[in-house]
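Taking it in order: structure first as structure tokens, then the write-up.
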Amino acid sequence: NRDYNLQWDFTKNLKFNFTASNFGVIDEPYGRIDDKVERDSIWSNIRKLGRNKTYNHTINISYKVPLDKIPLLDWVNVRAQYNSTYNWSVASLNTDSLGNIIGNTHGRQVTADFQFTKLYNKWKYLKKINSPARKKKDKEKGKGKDKPPKPDPKKGGKDPKDEKKPKPDRDPSVIERILIRPLMLLQRARVTYQENYTTSIPGFMGQHKYLGQDFSQFSSPAPGWEFVTGIMPTGRAWI
């Protein structure tokens, strides 16, 4: 058994993961292993890491759209994913003329998360509507803290009556909360779009060498880079 795993974060938002597993067997000559030729045959198979019987790999690519860099859209999270698999199974030795079986799958998915609470809170008025109402005692304390100090004529202080006072920070009324809060019941939503495809092809005469490809028997790697990365076969080349 041989297992491989590669994780590569190209950027903070773009991530790649590859896992593969291979199962092989060490073939032995029939009967007792009692001469040099038979022993050399076994050691030759060991050096080749055996005869491959099954091979599988999985590719995952995910990308998060950096909407958090845009203040107006930081309440939306969008993530795209591509997942694919490839599998190869060898025919038994007494039926190898029928060929091997290869197959692949791939899925494409886009997910959008909407955090409406974060959107509401961008407006000061809606943020107050969405927050618990302050008690009267808290309001009175807040007013007391806002009282300006008395002017000192000796120091040239100005009468606060002559200065423009800022408008008090008004809290929404009970009626406003009753009317507007039901419109803000939607706090979060998720929308997902997904496609899945599967292909299985019997009678493939190639062998598995590297990354599920056969580089020796054909003019180009077979079954091809597109197939081993999950792309569906199209055109008359597969008929």
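Read the figures in this text as sums done on the coordinates, not as results from a lab. Everything numeric here is computed off the predicted structure, so don't read it as measured data.
Here are the numbers for this structure:
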item	result
³J(HN,Hα) computed for each position of the stretch 223-229 - Karplus, 6.51 cos²θ - 1.76 cosθ + 1.60, integer Hz, glycine/proline x	x, x, 5, 5, 5, 6, 9
Listed residue pairs exceeding 29 Å between alpha carbons, taken from Lys69/Lys124; Lys15/Lys124; Lys12/Lys209; Lys64/Lys209; Lys15/Lys69	Lys15/Lys124; Lys12/Lys209; Lys64/Lys209
Length released on extending from Leu72 to Lys118, taking residue separation times 0.36 nm less the Cα-Cα span	15.5 nm
Rel. contact order, % - alpha carbon contacts under 8 angstrom, at least six apart, the stretch 40-81	31
